Every structure is written in structure tokens, then in C-alpha cells.
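Read-outs throughout are calculated quantities, based only on the coordinates presented, and are distinct from any laboratory measurement. Treat the numbers as computed from the prediction; the structure is a model and nothing was measured. Cβ sites come from the backbone with ideal geometry, for glycine too, and all protein chains shown count toward neighbours.
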Amino acid sequence: MALSIYTYGQKILRKKAQEVVKITPSLAKLADDMLETMYASAGIGLAAPQVGHSIRLIVVDVTSEEEPRKPYQMFNPKVVNKVGACTAEEGCLSVPGVWADVERPESITVEAMGKNGKPFALKDIDGLLARCIQHEIDHLDGVLFVDKISATDRTLNQGKLKKLSKGSKSVPS
């Protein structure tokens, strides 16, 4: 079932999400629904706060349309190692129409729990997958990519952000 995506200005996007103690069938379904929502929105990542759940859950799939899907559903993801730095353009389903450069570690190792409750790690990942996972983990800490952009990009996007903030007073149905 596709879920509503909360947008810039809604309070849940600024809250630190709660750790998941036990993966219940309803949380496993939420992870599946989040993937469906992400695909339907042409996104490559989605965090639970973006769909109104303040828990530490992200879904990510950076494959292109020509490739077989390779989704990750990560409960309590944590970056345990960071190497280097690189800058690339980012956007966000919760901040539609805004794109800007963000500097992030180039390579990371991330640990998480899968939907089956078993821990796993993705070691020394880089490129779009590493960037996307870091972006989604930021959501779990109440941080949006626009918090990490340059003063110039912030000024360029100020009007769009104000407009998004004004339009997000009500919670989507």
C-alpha cells in the first residue's frame, strides 16, 4: 500500500526517531509499504519519518530501471566507518523541487538489522548507495539534506523552502 510522504516543514521530519526493539509483522509490512511508496514516487531511498513513523527504519534501492531491483530494508542502521569525502547533488522526496550539492563521506560501512531480525553489514560501500544510505540515516536523526547545503544554495532555494513550509501545515491523509 502506497503511503503519504510528509514534506518540508512538518514536525516529524525534525524528530530523532526511536530505535526498533523488535521487528513485528506490522513493522515488516511497513518496510514493504515504504518500498512500494519509494518506487511509486521514483525515489531511491525513504526513511520511516517521511511516511509518519518516528522509528529507525530506512529502505533503499539505487538500481536503474534497466537493472533487477536490489532493495535494502534496514532497521536501526548505523554508519560504523567513514572514509574520504565527496560532493554530489542530492534531492529528497520530502523536499520536492530542491536539488543542491552535499558533501558526505565517500565510503562507509553500515550495520543494520534486516526485516528478518538478523543483523547484517554492508562494508566499504561507495557511490550512490553510500550517499543514499547516509541521506536516509540523516532523516532518522531529524536532519534534512538542506541543512547541509552551502549558504549560496540555501539562498537560491529559500523561496521554494518557504513555500513548502507554508503548504505543509496539515498532515497528508
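Straightening the chain between residue 151 and residue 16 buys 46.1 nm, computed as 0.36 nm per residue apart minus the Cα-Cα spacing.
Extension gain for the segment residue 28 to residue 86, taken as residue separation times 0.36 nm less the Cα-Cα distance, is 17.5 nm to one decimal.
Treating each Cα of the stretch 1-75 as an identical point scatterer and summing with the Debye formula, the log10 of I(q)/I(0) at q = 0.26 Å⁻¹ comes to -1.26. Of the two radii for the stretch 11-167, the radius of gyration is 0.95 times the Kirkwood radius, both from the alpha carbons; that is the Rg over Rh value. Here the simple spin-label model places points 7 Å from the Cα toward Cβ, and for residue 109 and residue 143 these points are separated by 2.0 nm. What do you get for Rg/Rh of the stretch 109-164 when both radii come from the Cα atoms and Rh is the Kirkwood radius? Ratio value, two decimals: 1.13.
Could you check which residue among 27, 93, 140 shows the biggest mean-square fluctuation in a GNM of the chain with a 10 Å Cα cutoff? The residue that fluctuates most here is 27. Taken about its Cα centre, the stretch 87-173 carries a charge dipole of about 600 debye when Lys and Arg each add +1 at the Cβ and Asp and Glu each add -1 at the Cβ. Pairs spanning more than 24 Å between alpha-carbon atoms, out of 78/115; 70/163; 11/162; 82/163; 11/70: 70/163; 82/163; 11/70.
For the chain, leaving out every one of the GluC sites (Glu not before Pro) that falls in a DSSP loop and has at most 14 other Cβ atoms within 10 Å, the longest unbroken run is 67-173. As a length-normalised measure over Cα pairs under 8 Å and 6 or more apart, the relative contact order of the chain settles at 27 percent.
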